Amino acid sequence: VQLQASGGGLVQAGGSLRLSCAASRSIFSFNRMGWYRQAPGQQRELVASVTSGGSTNFADSVKGRFTIFRDNAKRTFDLQMNSLKPEDTAVYFCNAVLADFDYWGQGTQVTVSS
């Protein structure tokens, strides 16, 4: 399984970005898909995830601002980020779990200026 992340960039505080992760195969059977982020000097943290059953989970810091979508037909799962804050600045990674294996996309940089 290969994952390709896209959509990062530079945005002002209060702005929006949408990250997309494209999979090399059908995502229908993925147990869970999600987005993580890692800021300089910090550990990678879970931002949002969605299970095969549609259950979502969000970090407290992004609740109400971020949404995660999955599109089985397009084999993508996206992270819509609204009301961005400077503390959202990080490298964002997409992740998929399939049969107890973790797959990672390359990181995409998100920079939020104040």
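Protein heavy-atom accessible surface, 1.4 Å probe, per residue over the chain: 52 Å². Seen from F66, the other residues with C-beta closer than 12 Å to its C-beta sum to a net charge of +2, counting Lys and Arg as +1 and Asp and Glu as -1. Spacing of the modelled spin labels on S114 and Q42, each 7 Å from Cα toward Cβ, amounts to 1.4 nm.
Any idea what log10 I(q)/I(0) is at q = 0.10, 0.14 Å⁻¹ for the chain, Debye with uniform C-alpha scatterers and no solvent? The computed values of log10 I(q)/I(0) come out as -0.25, -0.50. In the range 1-77, Cα pairs under 8 Å separated by at least six residues give a relative contact order of 27 percent.
Site pair D100 and N31 shows an inter-label distance of 0.8 nm when each label is modelled 7 Å from Cα along Cα→Cβ. Taking a Cβ cut-off of under 11 Å around F77, the surrounding Lys, Arg, Asp and Glu residues balance to a net charge of +2, with basic ones at +1 and acidic ones at -1. Here r is the Cβ-Cβ distance between S6 and D60 and R0 is 30 Å; the resulting FRET efficiency, rounded to 0.05, is 0.70.
The values are calculated or read from the model by the stated rules, or taken from the named source; none is laboratory data. Small disclaimer: the values here were computed from a predicted structure and weren't measured. Counting neighbours? That spans all protein chains shown, and the Cβs are built from the backbone with ideal geometry, glycine included. The area values use the complete protein model at the heavy-atom level, side chains included, leaving out ligands, DNA and RNA. Shrake-Rupley method; radii C 1.70, N 1.55, O 1.52, S 1.80 Å.
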